[in-house]
Amino acid sequence: MQTLYKTIFFLVLFGSYQFGTAQSAMAKKEAQFYDIVDVPIPDDVVLEVGGLALTDDDKLGVSTRRGEVWVIDKPYGNSPDYTRFASGMHEALGLNYKDKSFYLSQRGELTRLDDKDNNGVADVYKTIYSWPLSGNYHDYSYGPKFMANGDMLVTLNLSWIGHGASLVKWRGWMLRITPEGEMTPIATGLRSPSGYVINDAGDIFYSENQGDWVGSGRITHLEKGDFAGNPEGLVWSGDPKSPLKLKKEDIEEESVLSLYEYSKRVPELKAPAIWLPHTILGISTSDMIYDTTKGKFGPFEGQMFVGDQGHSKIMRVYMEKVNGVYQGAVFPFVEGFSSGILRMLWGSDNSMFVGMTSRGWSSTGKKMFGLQRLKWNGKVPFEVKTMKAEDDGFLLEFTKPIDKKAGTDVSSYQITTFNYLYHNTYGSPIVDQQKAVVTSADVSDDGLAVRLKVDGMKLGFIHQLKVADLKTNKGESLLHDTGYYTLNEVMEVL
């Protein structure tokens, strides 16, 4: 086992070196389709972005790790105007706006900010709900996100004492809070839940970073009573408000199983909808937003974009629901941002604001903080648009028609399955890696789709798809030739 870990450590180092040397080349290719544009920041403003929100008059609110909220007028231009709206708070790692008020999570409370005299500066700092503080540096708090009925969701990071720990209530939990301050705990098992999002159906997803009990970055669909994997938050499951009664001691520290396999033993444990392979698709998964631009940001309407703080890049996720369970594929999207991505938000012009910070959290983008916009220039990249699971393979859809001769050649497609261990160790090596075999490839008449029959699909495994040599019918190569599908379910044939 020790030799295996040494080998993996070398591969991670080698992979990081490859990433560093290849990043600029890939960023240049992506820049043919998407432009990264700086939002100018005054020299005297330290904009370590913790949250982003647009006001009703299209000004950009930015909360910071230094406890400030800035309001930026004309954020789409070359000369934006900055006004400090609020200050003196404790590490505001989230921001929202509703009914002329800003809402944010400080380290120890959910706060509403109001400007009663309309002078552009907050004069009321209202505590909606507060939670205990341990004093541990790792007690980050995130949010809020508004639900359809006006209630808010916040997530609370675990403390760090050589491992994750829930030193005070409700660390490691997602909480639901009414505007009047009534709190209901929703789910636990969270380690570092900096990103979460609500889809059009009202379903909640949160992103997780590699760590103890977390083999790699992942995205999990959270419902009331779910346990997402890290047992430290279960120390509070005996509370009358807890929606689950699972205990910390009910979880084995070294099960030698994957999280998916272990979830068959523990009904409360929710397997991830999406795995993001560590060092390949980031190292520190952060924010998530859906493409709601109706085609004005490229050919990925309805898909999800996922930021990464450590690698300063964004991934793209196609998600589907099979047998009532979420799963799907993740692909690289755009890299080369100036700092570590923490927040993303759509602007009114359908560009994406990207808020960044890296102090203490090293990132490939070397600036300590930053605010940029990602803009689509109207050119369509050749990409695997969607990857859908079938009972005996996958259906791939492309953004442009493929060369049919290469498309029907099974050697154009390589699929490898692998997994991660579910244990209390920090991270996991790749385990149970095997080759699957593509036995047939049927291209649609319009060349925009191919149906692959695959021998070797495995439930609970990540399926790496590589299509390095496939081209369009005009000879264009794929911008990104690799994707990763997390297979939790297959539709049964009647």
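Side notes on the structure shown:
- Meets criteria (open to solvent by 10 Å² or more (accessible area, probe 1.4 Å), over 20 Å from residue 138 (Cβ atoms) and either modelled with pLDDT under 95 or not hydrophobic (A, V, I, L, M, F, W, C) (or both)) for residue 169: no
- Count of residues meeting criterion [touching a Ser or Thr at 6+ places or on another chain (Cβ under 8 Å), crowded, with 23+ Cβ neighbours inside 10 Å and farther than 19 Å from residue 65 by Cα] in segment 305-326: 3
- The residues of segment 103-127 that are open to solvent by 20 Å² or more (accessible area, probe 1.4 Å) and among the β-branched types (Val, Ile, Thr), listed by number, are 121, 124, 127.
- The residue list 341, 283 contains one member that is modelled with pLDDT of 95 or more, open to solvent by 10 Å² or more (accessible area, probe 1.4 Å), over 28 Å from residue 395 (Cβ atoms) and within 13 Å of the chain's Cα centre (by Cα), which is 283.
- The listed residue being touching a Gly at 6+ places or on another chain (Cβ under 9 Å) and on the phi > 0 side of the Ramachandran plot, out of 312, 286: 312
- One residue from 422, 426, 413 being among the aromatic types (Phe, Trp, Tyr) and free of Cβ contacts under 8 Å to residues at least 60 places away in the same chain: 413
Matching residues to (1) outside any strand (DSSP E or B); (2) touching a Gly at 6+ places or on another chain (Cβ under 8 Å); (3) over 20 Å from residue 272 (Cα atoms); (4) modelled with pLDDT of 95 or more:
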| position | (1), (2), (3), (4) |
| --- | --- |
| 431 | no, no, no, yes |
| 453 | no, yes, yes, yes |
| 458 | yes, no, no, yes |
| 468 | yes, no, yes, no |
| 480 | yes, no, yes, yes |
| 484 | no, no, no, yes |
| 491 | yes, no, no, no |
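- Of all residues in segment 89-142 being within 18 Å of residue 60 (Cβ to Cβ) and small (Gly, Ala, Ser), the one that is nearest to the chain's Cα centre (by Cα): 94
- Test result for residue 294, out of contact with any Lys or Arg (no Cβ under 6 Å at 6 or more places or on another chain) and without any contact (Cβ under 8 Å) to a residue 40 or more places away in the chain: yes
- Restricting attention to segment 43-102 and to residues that are assigned to a strand (DSSP E or B) and of a type in the set (Val, Ile, Thr), the residue that is most open to solvent (accessible area, probe 1.4 Å) turns out to be 83.
- Boolean, residue 268 is among the charged types (D, E, K, R) and open to solvent by 30 Å² or more (accessible area, probe 1.4 Å): yes
The values are calculated or read from the model by the stated rules, or taken from the named source; none is laboratory data. Everything quoted here is computed from the prediction, not taken from an experiment. Reconstructed Cβ throughout: ideal geometry from the backbone, glycine too, with neighbour counts over all protein chains shown. Ligands, DNA and RNA are stripped out before the accessible areas are found, and what is left, the full protein with its side chains, is counted by its heavy atoms. Shrake-Rupley method; radii C 1.70, N 1.55, O 1.52, S 1.80 Å.
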